Amino acid sequence: MLDQLEATRGELMKLVDAAADLPALEAVRVAALGKKGRVTQLMQGLKDIAPEARRDAGQALNRLKDEIEAALAKRKDGLGEAALDARLKTETLDLTLPTRPGGLGRIHPISQTIEELVQIFGAMGFSVAEGPDIDDDFHNFTALNFGPDHPARQMHDTFYLPPRPDGMPVVLRTHTSTVQIRTMMKAKPPFRIIVPGRTFRSDSDATHSPMFHQVEGLVIDETTHMGHLKGCLIDFCRAFFQLDDLPVRFRPSYFPFTEPSVEVDIGCSRKGGELKLGAGGDWLEILGCGMVHPNVLKNCGVDPTRYQGFAFGMGIDRIAMLKYGIPDLRPFFDADLRWLRHYGFVPLDPPSLAGGLSR
Ligand code: DAH
């Protein structure tokens, strides 16, 4: 029995050493210690041994079992490490490699600009609201205090669609101001929203496209006044154009839905035919705004003796062109990948106030 035991030990140890990988080692374990394994069988044979010799043989077998188990465990560790080493060698990831943003596509300047607007106004407590591109005469004009024969209706070069059965004219919205109405009719003040979205007018040249983008802003509560309008929009202009000392000017204007109405100009220089934003003695109009007209509040069921506030609207495409020096609006909508590669933004670098609005 003891001789047999020695021989078994020798063979099993060789097998353990020879196991080339973890599955092979497991097969050796089963062959040695499994239900029908060599050591197990030897243990079962103990009962046939003379009682005097049984104790010694039993102890020797237990030692063998322990040794085999220890050898298996050691080999398993070694093979595990080897397997890990092998994986580490093949599954390498070089973290020092530069990313290849080209392969991820580019963010369109309009999307980038909208995200910048959301970041800036978001930090001022505005949330984002939306409304439909196809709207009606009531939301686009009437509720915004455009009388039935108001000349501004013509100024908007409106695209009309077939009217509703009740005769209500249906339009492609000419401005995002429609969402002022939808927001105020849907909920109760206070409101502090921006509305980025598509707008449509029958107009087309280097700086006008029949489909373009606007962002609307609306703040309504019991205390907001013209000083808030000014502070908010000055802060916005300086944050957006990333010029802390950008001159900002408020010039009286007219819109049916605000009173008083104002247009906002930012400082620039046009020396040598080149437009440069910042102090330069010249001005460039970038948005319209004003205190929301009491008639508009009334049309939306908001009590103008209790609530007041301001609204603003600006062209997203236009401020994107200004900020990023893009001379022509038409290629914005041409889906030309060469243009997008040139003017687009890296997707891995979204705008944030803390991390920077743009590259
Ligand atoms: N809706 C105007 C337009 O499209 C822009 C505008 C001006 C919006 C003044 C406003 C505002 O909310 O107060 O020309």
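Some observations on this one:
- Of all residue pairs spaced 6 or more apart or on separate chains, those with beta-carbon atoms under 7 Å, a first member in region 252-269 that is within 8 Å of the ligand (Cβ to nearest atom) and a second member that is outside any strand (DSSP E or B) are Phe257/Leu144; Phe257/Asn145; Phe257/Ser177; Phe257/His293; Phe257/Val296; Thr258/His293.
- The residues of region 305-350 include none that are over 24 Å from the mean Cα position of the chain (by Cα), assigned to a strand (DSSP E or B) and more than 16 Å from the ligand (Cβ to nearest atom).
- Yes/no for Ala70 being modelled with pLDDT of 90 or more and either surrounded by fewer than 13 Cβ atoms within 10 Å (Cβ to Cβ) or at positive phi (or both): yes
Results for (1) farther than 29 Å from Gln4 by Cα; (2) among the acidic types (Asp, Glu); (3) at pLDDT below 90; (4) in contact with a strand residue (DSSP E or B) (Cβ under 9 Å, 6 or more places away or on another chain), shown as yes or no for each residue.
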position: Glu26; (1), (2), (3), (4): no, yes, no, no
position: Gly45; (1), (2), (3), (4): no, no, yes, no
position: Leu88; (1), (2), (3), (4): yes, no, yes, no
position: Thr92; (1), (2), (3), (4): yes, no, yes, no
position: Leu97; (1), (2), (3), (4): yes, no, yes, no
position: Gly102; (1), (2), (3), (4): yes, no, yes, no
position: Ser111; (1), (2), (3), (4): yes, no, no, yes
position: Val118; (1), (2), (3), (4): yes, no, no, yes
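One line per residue, one yes/no per condition, for (1) within 13 Å of the ligand (Cβ to nearest atom); (2) in the same structural domain as Leu117 (by TED's automatic domain parsing); (3) touching a helix residue (DSSP H, G or I) at 6+ places or on another chain (Cβ under 9 Å):
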residue	(1), (2), (3)
Phe191	yes, yes, yes
Phe200	yes, yes, no
Gly217	yes, yes, yes
Gly227	no, yes, no
Phe240	no, yes, yes
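- Of the residues making up region 76-109, those that are under 28 Å from Met321 (Cα atoms) and touching a helix residue (DSSP H, G or I) at 6+ places or on another chain (Cβ under 6 Å) are Arg106, Pro109.
- Restricting Lys65, Lys76, Lys36 to those that are loosely packed, with under 11 Cβ neighbours inside 10 Å and of a type in the set (D, E, K, R) reduces the list to Lys36.
- Selection from region 47-82 of residues that are of a type in the set (Gly, Ala, Ser) and over 20 Å from Glu6 (Cβ atoms): Ala73, Gly78, Gly80, Ala82
Matching residues to (1) assigned to a helix (DSSP H, G or I); (2) more than 50 Å from the chain's Cα centre (by Cα); (3) under 30 Å from Leu348 (Cα atoms):
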| position | (1), (2), (3) |
| --- | --- |
| Arg55 | yes, yes, no |
| Ala60 | yes, yes, no |
| Asp66 | yes, yes, no |
| Glu69 | yes, yes, no |
| Gly80 | yes, no, no |
| Leu93 | no, no, yes |
| Thr96 | no, no, yes |
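- One residue alone among Asn140, Asn145 is within 14 Å of the ligand (Cβ to nearest atom), in contact with a helix residue (DSSP H, G or I) (Cβ under 8 Å, 6 or more places away or on another chain) and either at positive phi or not assigned by TED's automatic domain parsing to the domain that holds Val296 (or both), and that residue is Asn145.
- Gly272 falls short on exactly one of the conditions (1) more than 16 Å from the ligand (Cβ to nearest atom); (2) closer than 19 Å to Ser358 by Cβ; (3) part of a helix (DSSP H, G or I), and that condition is (2).
- Of all residues making up region 234-251, the number that are touching an Asp or Glu at 6+ places or on another chain (Cβ under 8 Å) and touching a residue at least 60 places away in the same chain (Cβ under 8 Å): 1
- Checking Pro151, Pro163 one by one, the residue that is out of contact with any helix residue (DSSP H, G or I) (no Cβ under 9 Å at 6 or more places or on another chain) and more than 18 Å from Gly315 (Cα to Cα) is Pro151 and no other.
- Residues satisfying the stated conditions in region 106-160, i.e. surrounded by fewer than 17 Cβ atoms within 10 Å (Cβ to Cβ), charged (D, E, K, R) and under 22 Å from Arg192 (Cβ atoms): Glu130
- Remark: pairs (first residue in region 300-325, free of Cβ contacts under 8 Å to residues at least 24 places away in the same chain; second residue of a type in the set (A, V, I, L, M) and within 11 Å of the ligand (Cβ to nearest atom); Cβ separation under 9 Å; 6+ apart in sequence or on different chains) = Pro304/Val292; Pro304/Val296.
- Residue match in region 155-167 (condition: more than 13 Å from the ligand (Cβ to nearest atom), in the same structural domain as Gln242 (by TED's automatic domain parsing), aliphatic (A, V, I, L, M) and over 24 Å from the mean Cα position of the chain (by Cα)): yes
The values are calculated or read from the model by the stated rules, or taken from the named source; none is laboratory data. Keep in mind the model is a prediction, meaning the values are calculated, not measured. When we count neighbours, we look across all protein chains shown, and the Cβ atoms used for this are built from the backbone with ideal geometry, even at glycine.
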